[in-house]
Structure formats: C-alpha cells, structure tokens
C-alpha cells in the first residue's frame, strides 16, 4: 500500500525491570496497518502496546483493550449499569455486540455471571464505540470461541481499521494481519505479510544461520590451530635466542640478538592479538546461534496410569443457580480417554468440567456414577493454582517436596524463566503468559488420574503451546480439555469431541 499516512512513530523506547524489556525499540504505525505483535511470554508485548499508546500524539485517538482480568468483573452490578458509567449511549454497545458477533448479552445480567468470552466481547465493543484511529488489542482471542474469532477478524478487515493485535492463534493472525512485529530479546523486527509469511522468512533466516554456524565452527577450529601454531613458533624462536645467549654464542652480536628477540615479541603480539580476535568473533557467532536453539524440557506430566471408569452421567441436568445450562447429559469418561469440549461463550463448558472431579458433581442433577476414587488436576483460566505472593521456585516447592532445587530451576528455565525471576520475582509481577507457564510447571509435578484444562492455550505463546502439546501427548491419564484451538487439539491426540448445542452435550466425533 503506497502513500500511507503515518499515525504513530516511536523512537528508542527503553524499559528494564529485573531484566531488559525494551532496548531502543523504534517503529511506526501507518494508516491501514493490520499488525500482529508476537513474541514469547514475558518479552514485553503488553508493555510495548502501553508505551505506543503513551507515545501517540493528541491528534491520534489510540484505544487499548487490555487482557481480561476476571477480578475486575466480580461485581454484582448489572451490565447496563456498568456501561452507563462509561457512556451515556450505553445501548449502542449492545448494538455493536450484535453487529459484530451476531449474539446478545443481556442488559440485566450481572457482570460476575458473564463468561470470559462475553466479557471480552464487551471490552472490544466498548473500545470500538470510541471510534479509535488506532486500536490496540492485547490477546483478544484468548476467551473467544472460533465463531467469535471469525466474526472479529471479518469486522476488522471489512472496516479496514488500523490496529495492532497480540494473539497466539495462528489462524486468526493469518486471516487478519498484513504485518508481523516480532519482539525478541528487547528488539523489534518487522516482517511484511501474515504469520505463514513470517514463518517462511524465519525458516530461511534459520537455515542461513545454520550455514553460518557450520562455517563459524570450521573457522574457529582454523583460528585456534593458527593461534596454537603461532604460539609454538614464537616459543621456539625465543628459546633458540635464549639458548644462544646462555651458551655465549658469539656468531651473533648481543645487540642483534636482543633486537631480534624484541622484534619477535612485537610481531608475535600483533599476530596473537589478531588471531585471538578471530577466535572471539567466531565464538560470538556460535553463541548467538546456540541461544536460538530450543531448550530441552525438564518436566513431564505424571500419571498413575489408572484404568477403568472414572465417571458416568446418565440423563443429567446441569444447573447454575436457577438456570439450566445443560439437559439430558449422557457422558462417560475412562482412564485414558482424551476428550475435547467446545461451544459458544456462556454455554456452560466451564461449569460442566468443574463438576467432573470425584464426588464433585454438586451442580449436576441426575444419575452420576464414579469408579474408584481418582485424583484430578484442574487448571482453570485464572490459574488459581499459582500463589501470586510466592516466587516461581517457592510455588513449586509448595506443591512438591520431592524435587531438588537444581531440577526445579531446570524445569522453570526450560519454559523461559530467567534466573532472577525464578528466585526473586513474585508471581504477581509476571505477565499473564508467564503465570500460565508457571501453572503448567506446577501441574506437571503432581501425579493425577485426570487432567482438566480450561482453555489451556490462552495466554501461551506459540512456542510454549508446542511444548505443552508435547507434554500432554506423553501423559498416560485421562484428559478433558475445553479449547477451540484445532491445531492444539490435533497435536495432543484428542479422540472424542463434544460440542454444547442448544443446551445439549452432543458427541461430534
């Protein structure tokens, strides 16, 4: 696109906490840009969005939609009351929700009763109601079902809004963005194209680095050999002159011998310095390459490898207060089943899975039968398993006393935590994605028969999603997962899929 108007320009943004977050980052946002901001958890994506908003001039309206914080919405306030405090034209936000997402949110619903997806739709439409010149979306896809993500993508493209979006959903990025910003090690790199284009460019870069690494290895070996030979040559020459001096060899005047010795030292010093510089340069190249290599995962999900029936529900009803969420539930789960559950936001997925653990079906009315008592590991969207007042290493120690400090540190560093974060940073200071990573490290250290995951890929960067799928693939117990991430579900070998349709739990595969 030619002659695009520049809306925002930022130069040399720097920010550090216990580590460098942004290192002289510069960039610009042009009118019509559809930018996908990516990077592993903790690299500063949210920080960069906030910095961009703060650096925008008064003539450009920038609206930032933050990640969802459930604690903000625990109020018993009704939705229309909440919106009326934001704008006098609060009803237009309901119209915007219907326009974009083709669904309704009840004006008389309590905030605390809204699902994560409904809250995210509300936040997005509040932002759009302000008619921003630049929209900053911080992980909006985290709580949206697949249908809602498609509606949002279509709207953003149709209206040709200028936006930057942080998302780890590959399909959403491919269907929505025309640029990728990669934030890595405090630096920002721009790629023109969608996520697939970015991947192809990264593949080419990595192949080039691999060739350079191989060349650097050879050159390093040569440089070290040359340095070794130079040292031997110098030592021999110096030894010869020293022996001549000790034997009173008069064939060479003393002044000449001293001059040769000094000249040899000078030449050797220069040659040695040059060769050492070459060695250092090649070692630096190799270090740069090795830092990009994927770290080995030092954790694994543990299972008691329980067989047989875990839970069976016949002709059940799921109720939330006086509201019936599901009717005529017929569902069985056995020791090594892998089950996914999908459905529209607010359809009752989370409430249903909360009632699957042993003797915990308080909201399910009907015939519920359990096998032998089993242990369940439940990781919810808020990651309540994490104690925000403790450091990562303290969190792990609180869950298990069996792991040695060295192994705990390896486990935490293998999913991207720095040494300072592991020992000194309270979990409350971590990013949403880092808290998610910590939750899954905690999940892996306790043995269980059933792992229940509620939207597990929310907040996780793409690399961490890959690692989590590998861990779950090795797990031998039962898995029940609520997710709309098709790629993730395929990678963990889900065998049975259910969808909630019209208050029915329907087997779809």
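The numbers here are math on the coordinates, done by the rules we state, and not lab data. Bear in mind that the values here come from a model prediction, so they are computed numbers and not experimental data. Neighbour counts run over all protein chains shown; Cβ positions are idealised from the backbone, glycine included.
Segment 303-427: D in µm²/s via Stokes-Einstein (Kirkwood Rh, Cα pairs, 4 °C, 1.567 mPa s)? For the chosen part, D equals 75 µm²/s.
Sorted fewest first by neighbouring Cβ atoms within 10 angstrom, 495, 338 come out as 495, 338. The protection proxy used here, the mean number of other Cβ atoms lying within 10 Å of each residue, ranks peptides 454-462, 346-354 as follows, highest first: 454-462, 346-354. Between residue 362 and residue 413, full extension at 0.36 nm per residue minus the direct alpha carbon distance yields a gain of 14.4 nm. Extension gain for residue 390 to residue 82 (0.36 nm times residue separation, less C-alpha to C-alpha distance): 107.5 nm.
Based on alpha-carbon atoms, the Kirkwood radius and the radius of gyration of segment 309-507 give Rg/Rh equal to 0.99.
Per the Debye formula on identical point scatterers at the alpha carbon atoms of segment 6-193, with no solvent, log10 I(q)/I(0) at q = 0.12, 0.13, 0.16, 0.18 Å⁻¹ is -0.59, -0.69, -1.02, -1.24. Reported to the nearest whole Å, the Cα centre-to-centre distance from segment 369-393 to segment 58-80 is 28.
If you plug the beta carbon distance of residue 71 and residue 50 into 1/(1 + (r/R0)^6) with R0 = 22 Å, you get a FRET efficiency near 0.70. Length gained on full extension, residue 95 to residue 476: 132.4 nm, using 0.36 nm per residue less the C-alpha separation. More than 15 Å apart: what percent of Cα pairs in segment 353-434 qualify? Of all Cα-Cα pairs in segment 353-434, 65 percent lie more than 15 Å apart. Residue exposure proxy: 120, 403, ordered by other Cβ atoms within 10 angstrom of their Cβ from fewest to most, comes out as 403, 120.
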